[in-house]
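Only the coordinates and a few stated rules stand behind these numbers; no lab work does. Only a predicted model underlies this, so the values are computations on that prediction, with no experimental measurement involved. Note that each Cβ is placed from the backbone with ideal geometry, even for glycine, and that neighbours are counted across all protein chains shown.
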Amino acid sequence: MKILTPLTQDQLKSLKAGDLVYITGTIYTARDAAHKKMVDMINNNQPLPIPIKDSIIYYVGPTPAKPNEPIGSCGPTTSYRMDPFLEPLLKLGLRGSIGKGARSENIKELLNKYNSVYFQAIGGTAAYLSKFVKSSKLIAFPELQSEAIRELTVEDFPVFVTYDIYGNDLIKDEINKYKK
Amino acid sequence: MRKLEKMKVIESVKRLCLDANFTLNGNILKKISSFKHTEESPIGKKILSQIEENSSIANTEKKPLCQDTGLVVVFLEMGKVIVDFDIYDAINEGVRRAYKEGYLRNSTLKHPLNRENTGDNTPAVVHTKLINADHIKITVAPKGGGSENMSRLKMLTPAEGYQGVKDFVLETVTIAEGKTCPPIIVGVGIGGNFEKSAILAKEALMRDIDDSSNDEIAKKLEKELLTEINNIGIGPMGFGGSTTALAVKVNTYPCHIAALPVAVNLQCHSARHKSVIL
Ligand code: SF4
């Protein structure tokens with residue numbers, strides 16, 4: 001299934017855990033350090049460097065781009081480290097996050113409460129995933145280097161819906177199927 | 001005795017860092033493709049294919065396999081050669097050059113608590129061993145944070161024994177779920193003491209993926225653990241399936257009468273290590 005950013009409510013409703021989705025449009029990168037900074041800014045009533053409403057954040061710290069390329073290798077980092085920072089962003093209308101791995105127990109409830117989806121990209125396939133990124137622009141916190149916030153233009157970026165807005169969990173369901 | 005050239009060390013470490021980050025060892029790739037045939041989950045199969053495709057893009061385009069190009073771990077095995085320079089400086093210089101010239105990510109911080117980046121991915125973590133040979137061997141293994149973070153160590157009681165070790169390994173893999181980017185290689189260090197068990201586990205990961213231990217007990221553990229881990233159901237990238245681990249490697253060492261240390265070092269599918277003999 002193909003989806004376009006910014007995410008609409010209708011698109012969100014149609015996404016079910018297990019769907020393979022191809023994202024086209026704009027997504028923003030942020031990982032540990034950038035999340036800490038953004039949440040500090042929210043707490044201090046400062047404006048954020050990116051529009052959170054209806055956006056998708058990708059948990060990634062890419063390798064530096066070679067001169068002729070838009071981005072280096074850019075696979076997902078482990079999502080649970082961003083869990084403590086998620087709710088303040090959901091309150092501002094964040095519609096999706098992309099990372100890898102299971103998240104804390106309370107996250108599914110939060111996503112259900114605020115209408116947001118958790119996607120997984122395939123970890124460690126960072127050279128492959130870079131092929132779907134058409135451009136990258138540094139937006140904030142350049143001092144964080146690979147952890148800076150970047151605006152990525154992506155075309156058919158492949159991700160799996162992992163936690164949908166209905167509380168479904170792809171990880172739990174699938175692992176139970178293959179447990180012996 | 002032969003004199004070692006500083007430039008050779010710098011250049012070799014640089015080359016090893018680049019090769020490790022761009023090219024997955026052929027036998028690891030073969031393992032992945034053989035597991036693809038037996039993988040029961042359709043999503044799992046798809047993920048294993050994506051891993052293969054990633055490795056081919058990385059290799060041809062000289063692009064890092066993974067954006068986490070790691071903290072550089074070096075095993076330095078020193079034979080009888082004359083070294084009239086600081087070999088650790090030379091190793092770090094090799095790392096510095098590779099990470100700059102290869103457009104690799106700097107993932108190393110100056111201090112674990114102030115979290116400031118060193119800017120050149122140095123220093124490497126170097127483990128030195130003296131060997132009775134006329135050469136030196138350098139193994140470079142960039143290690144990502146995802147799988148290292150889920151690694152664990154426990155001082156078991158001797159009474160917990162063989163089953164206790166198995167339970168701890170299975171528990172560690174279960175807790176890690178998809179966070180370690182499975183299919184993983186599981187390095188297990190048993191014995192020695194607290195720090196020795198951790199090194200044993202890391203050294204176990206450097207073994208050839210197709211070998212098995214010469215020690216009968218360790219060999220049995222490796223075989224049983226591989227089957228039991230793959231029965232947990234975690235599967236490729238934790239999306240469910242029958243391929244959670246590609247191999248289990250167990251290294252042991254004599255230990256104290258009161259102790260049974262066990263360390264489990266998890267290695268993601270981006271299992272990068274390369275060696276050279278100088
Ligand atoms: S665990 Fe390995 S494959 Fe996964 S993101 Fe980290 S280094 Fe890459």
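Here are the numbers for this structure:
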read-out: Cα→Cβ-extended label distance, 7 Å offset, between A:Ser14 and B:Ala258, nm; value: 6.7
read-out: Global geometry of region A:1-109, whether rounded, prolate or oblate, following the gyration tensor of its Cα atoms and the 1.5 cut on a/c; value: rounded
read-out: Charge dipole (the protein assembly as shown, unit charges on Cβ, about Cα centre) - positive-most of B:Asn59, B:Ser107, B:Gly79; value: B:Asn59
read-out: Positive minus negative residues near A:Pro51 (Lys, Arg vs Asp, Glu; Cβ under 12 Å); value: 0
read-out: Within-13-Å neighbourhood charge of A:Arg95 [Cβ basis; K, R +1; D, E -1]; value: 0
read-out: Two-site FRET efficiency, B:Leu113 against B:Val81, from Cβ-Cβ distance with R₀ of 35 Å, rounded to 0.05; value: 0.35
read-out: For region B:1-130: relative contact order, % (alpha-carbon pairs under 8 angstrom, 6 or more apart); value: 34
read-out: Neighbourhood net charge (14 Å Cβ-Cβ; Lys/Arg +1, Asp/Glu -1) for A:Ala17; value: +1
read-out: Per residue Cα convex hull volume in Å³ - calculated over the protein assembly as shown; value: 146
read-out: Computed over region A:9-116: relative contact order in percent, which uses C-alpha pairs under 8 Å that are six or more apart; value: 27
read-out: Reference-scaled alpha-carbon Rg (2.2 N^0.38 Å with N residues) for region B:103-208; value: 1.27
read-out: Inter-chain shielding of A:93-101 (mean C-beta neighbours from other protein chains, 10 Å cut-off); value: 2
read-out: The protein assembly as shown - charge dipole about Cα centre, Lys and Arg +1 at Cβ, Asp and Glu -1, debye rounded to 20; value: 460
read-out: Span from the region A:1-47 Cα centroid across to the region B:145-199 one, whole angstrom; value: 35
read-out: Chain B - charge dipole about Cα centre, Lys and Arg +1 at Cβ, Asp and Glu -1, debye rounded to 20; value: 540
read-out: Once exposed loop trypsin sites (Lys or Arg not before Pro) are cut out (DSSP; at most 14 other Cβ, 10 Å), longest piece of chain B; value: B:116-278
read-out: Shape call, region A:33-95: gyration tensor on alpha carbons, a/c limit 1.5; value: prolate
read-out: Order of A:Leu20, A:Leu111 under a 10 Å beta carbon neighbour criterion, fewest first; value: A:Leu20, A:Leu111
read-out: Region B:141-275: relative contact order as a whole-number percent, Cα under 8 Å and 6+ apart; value: 43
read-out: By average C-beta atoms within 10 angstrom, highest first, the peptides A:163-170, B:255-262; value: A:163-170, B:255-262
read-out: Distance in nm between pseudo-label sites at A:Glu143 and A:Glu109 (7 Å out along the Cβ direction from Cα); value: 3.7
read-out: Prolate/oblate/rounded call for region B:7-153, Cα gyration tensor, a/c under 1.5 rounded; value: prolate
read-out: Estimated [θ] at 222 nm from DSSP helical runs (n ≥ 4, -39500 (n - 2.57)) normalised by residues in the protein assembly as shown, nearest 500; value: -11000 deg cm²/dmol
read-out: Proximal lysines to B:Lys80, defined as alpha-carbon separation beneath 21 angstrom and excluding residues fewer than eight positions away on the same chain; value: B:Lys3, B:Lys6, B:Lys8, B:Lys129, B:Lys137
